[in-house]
Amino acid sequence: MPNQRKNEEFVIYVVTLSHVTHYMSIEFIGGSCGYIIAQRALQSDLLGMIGSILAPIAIRRVLQWQQLKSGNSPHLSLRSLSGARELNPT
């Protein structure tokens, strides 16, 4: 649902399919790999679940660091995926 501003203007956020697939691949593939690696290495299902939570966060941080290091201004803001800031309207 679009946000409504003071003077009755609507703000529409555009989310492309490439952004969605990028986010889903980080969450699903990273989470699954984190679970398998942590569960097998530490022999604990609880630590495997913790690994499945921490792996996508670590992947996003590494990708964010690479973007900052390269100086590129990507069209996809990984900070917006992690909830660190608000999305910009287009």
*Among all residue pairs at least 6 apart or on different chains, which show Cβ distances below 9 Å where the first residue, located in the stretch 14-37, is under 21 Å from Gly48 (Cβ atoms) and the second is aromatic (Phe, Trp, Tyr) and surrounded by 12 or more Cβ atoms within 10 Å (Cβ to Cβ)?*
none
*Go through the chain and tell me which helices (runs of 4 or more DSSP H), entirely inside it, have 3 or more residues that are surrounded by 14 or more Cβ atoms within 10 Å (Cβ to Cβ) and modelled with pLDDT of 60 or more.*
17-42, 45-70
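The values are calculated or read from the model by the stated rules, or taken from the named source; none is laboratory data. No experiment lies behind these values; they were computed from the predicted model shown. Using ideal geometry, Cβ is built from the backbone for each residue, glycine included, and neighbour counts are taken over all protein chains shown.
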